[in-house]
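Working notes, beginning with the structure itself.
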């Protein structure tokens, strides 16, 4: 029993050390692999012109999981009328955990280039706004088709 407690204690210490190292270094997402914390130059000033994102294919988005660890993903972004949006589409039977995270806790951190922005997002529910975003998405990302029966979530960056 004493040996088991030493082993469990050692594993807990290693896990804590690993989380401390990852907190410092980040472990950002890469392509389709999710990550943890996003690091970079924190931008605290309001952004009124998101047009610089028109030429950026992907950004990184950090959400908060229900168990307290961050979850970051690589996503696309769409600008409509100087507002920034994120669209998440997936076929039947697939689930995106970050969508649940954002719906439950709308504070996010996004990384564009070397800069990180702490912001809040809102779920888009207005059909006209949804259509405008999906049309802009089709223009910016013509290669991304939405399969029939797909689930579509659209999020609006606030502030």
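Side notes on the structure shown:
- Computed over the chain, Cα set: Rg, Dmax in Å: 18.3, 65
- Model label points for residue 33 and residue 96, set 7 angstrom from Cα along the Cα-to-Cβ axis, are 2.1 nm apart.
- Contact order, relative form, for region 2-158: 23 percent (alpha carbon pairs under 8 Å, 6 or more residues apart, mean separation divided by residue count).
- Cα centroid separation, region 126-159 to region 30-94 (Å): 14 Å
- FRET efficiency, 1/(1 + (r/R0)^6) with R0 22 Å, evaluated for residue 57 and residue 122 via beta carbons: 0.40
- In a fully extended conformation the segment linking residue 151 and residue 2 would gain 48.5 nm over its present Cα-Cα distance, using 0.36 nm per residue.
- Nearest 10 degrees, 0 to 90: helix 127-140 Cα axis against the chain principal axis: 80 degrees
- Inter-label distance, residue 69 to residue 158: 2.9 nm, where each label sits 7 Å from its Cα along the C-beta direction.
- Counting only DSSP beta bridges with both residues in region 2-158, the antiparallel share comes to about 90 percent.
- Fully extending the segment from residue 129 to residue 44, taken as 0.36 nm per residue of separation minus the present Cα-Cα distance, adds 27.9 nm.
- Axis of helix 2-25 versus longest Cα principal axis of the chain: the two differ by about 40°, to the nearest ten degrees.
Read-outs: derived from the displayed coordinates by stated rules, not from any lab. Because the structure is predicted, anything quoted here is derived from the model rather than measured. A quick note on method: Cβ atoms are made from the backbone with ideal geometry, for glycine too, and the neighbour counts reach across all protein chains shown.
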